[in-house]
1. Among residues other than residue 189 whose Cβ falls under 15 Å from its Cβ, what is the net charge (Lys/Arg +1, Asp/Glu -1)?
2. Which number gives the lysine pairs in the stretch 327-416 that have C-alpha atoms under 20 Å apart and are eight or more places apart or on different chains?
3. Around residue 370, which amide H atoms from residues at least 5 apart in sequence, or from another chain, sit under 5 Å from its own amide H, with H modelled in the peptide plane?
4. Tally the DSSP beta bridges in the chain and give the antiparallel ones as a percent, rounded to 5.
5. Would you work out which of 176, 123, 41 lies farthest towards the positive end of the dipole of the chain? Charges go on Cβ: Lys and Arg +1, Asp and Glu -1.
6. 5 Å is the cut-off here: which amide hydrogens, built 1.01 Å from N in the peptide plane, fall below it relative to residue 497, excluding neighbours closer than 5 in sequence?
7. Can you bin the stretch 66-176 into rounded, prolate or oblate? Criterion: square roots of the alpha carbon gyration tensor eigenvalues sorted a ≥ b ≥ c, rounded for a/c under 1.5, prolate for a/b above b/c, oblate for the rest.
8. Given H placed 1.01 Å from N in the peptide plane, which residues other than close sequence neighbours of residue 37 have an amide H under 5 Å from its amide H?
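The values are calculated or read from the model by the stated rules, or taken from the named source; none is laboratory data. Every value quoted in this text rests on a predicted model; they were computed, and no experiment measured them. Here the Cβ positions follow ideal geometry from the backbone for every residue, glycine too, while neighbour counts run over all protein chains shown. Just so you know, the surface numbers come from the protein's heavy atoms only, side chains and all, with ligands and any DNA or RNA stripped out. Shrake-Rupley method; radii C 1.70, N 1.55, O 1.52, S 1.80 Å.
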Amino acid sequence: MRKRDQWLAAPLGAGLAAALLSGCGSEDGKAAGTGESVVMGMSEDVLATDPASGYDPGSWLLFNNVFQSLLSFPKGGTTPQPDAADNCKFKDSGSTIFQCKLRSGLKFSNGHDLTSEDVAYSFRRTLKINDKDGPAATLLSSIKDIQTPDKSNVVFNLKQADATFPQKIASGAGSIVDHQEYPMDKLRTDGKAVGSGVYKLDSIDKDKAVFKVSGSYKGQAVVQNSGMTIKFFHGNQDELKSAVQKGDIDLAYRGLAMKDIADLDAGDVGDKNGLQVVEGTSAEVQHLVFNTKDPVVGKVGVRKAIAYLVDRSTLVRDVYKRTAEPLYSVVPTGITGHRTPFFDTYGDRPQPDKAAAALSSAGFHGKVKLTLWATPVRYGPGTVPEFKAIAKQLNDSGLFDADVQTAPLDEYTKGIAAGKYAVYVKGWVPDYPDPDNFTAPFFGDDSVLGNSYESKEISGHLLPTTAAESSRPATVNDFAKLQNTIAQDVPVLPLWQGKQYAVASSKISGLQWTLDASTVFRFWEIKKTK
């Protein structure tokens, strides 16, 4: 979901452990803030100000700017580096004991000291509350216990080897809260947020949030503005577009229609109004998901037939106006271990003859009746038009009689859980830029897909093996096997990988450093000139 200027994030490398040892870049105390205050608009809301709850893009945008984590992702990179920590490392070869030493002199925005007690408290609290809309179960479940031998050191003992633990705690899930401000057993409900990050939340209501630069911040960031205000447009794309065109906001992020972005990028509007379209990489993906217990698509031959017929390039061109890219694997481009097994196996253009043969192998010889299910808002405004286009592609082959049905998000979620839908859509914005985050949630225990797919090779061997490997490049072969297995079993059909976009006044610079595969939108990199 985010950018434009083609700044590619570096893949995770063997230097992960070294990068965790000590900080790099600017020294502490560079967060005083200079330049003009910036006004940003986005269509999404901030659903939570308490990091034990929020697990949506808007809330994590707040967390990444108001709270510190022990580690964070540097601009343009995907290897976590020390932030609130001075250094972090695994203390054992099995990746089950992870220790961090804090920077000296850390303080929260309310003036309280930040110590190892606050770090341990933050993780214990998130796990104890275990909010259904929070990150505890998905990202922090590997924590067995946490020790604080002194005020500067914190030790995480993990239940099993987890080499991706540094990436997980570098996300919004690792936000450190003041133990004197947040109750242990319940969420904070006053709408306030107290962290040690670059910014402090001054106020928030249903229409806007105001952030001021925190004078107590100590870390890597060098702040290029004197504050940030977010105006919420609650899904109204036309109002968001109008606001950036009129100059009511300095930049629009998340929520412009694909056609509007394409028009602006082509200069139809931007040249007249001094606007720029900034594009960057993204690891957001969308999949067609198959219920493997369904009497029709439960047959692998039917799923393969669909894989032979879906034309991703046409979808990206006609529906998404090239604001996305065709995706041929569950591990997207730019992430360690990416392969293209769906391209290699099923090609990039419809092959009706091979699709017919696949259907015949599954015992189907007439037109196959099929309903594709979507929800109108959750996975973007292009989802329903996209699914109608997919249905047409299937029907044009003469092999399917497909239609599209939609449901509101709550009903849609319940329908998936009940096994009501045979074919449906799922989108994914990663928590951390590692192949594990595109595979374990889908094909491991407690899959978020809800499609009843099981592979003992994947869940019992490949995922545990890759999770235990501290050198992420060493996982490439195992992740290649996993991707090939998915392409053969087809429990999902990868459709597209998104690009991130922001549309901004010509007075705005630095957006290229906010739009990368880490999914961290860094307020402090954005600069506005008079």
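1. Working: positive: 125, 186, 188, 192; negative: 50, 131, 133, 181, 185, 190, 205.
Here the charged neighbours net out to -3.
2. Details: 354/367; 354/369; 354/392; 367/388; 367/392; 369/388; 369/392.
So the count works out to 7.
3. 401, 402, 403
4. Working: 53 of 70 bridges.
Close to 75 percent.
5. It is 41.
6. 325, 327
7. Cα axes put the stretch 66-176 in the rounded bin.
8. The list, which skips near neighbours in sequence, is 226.
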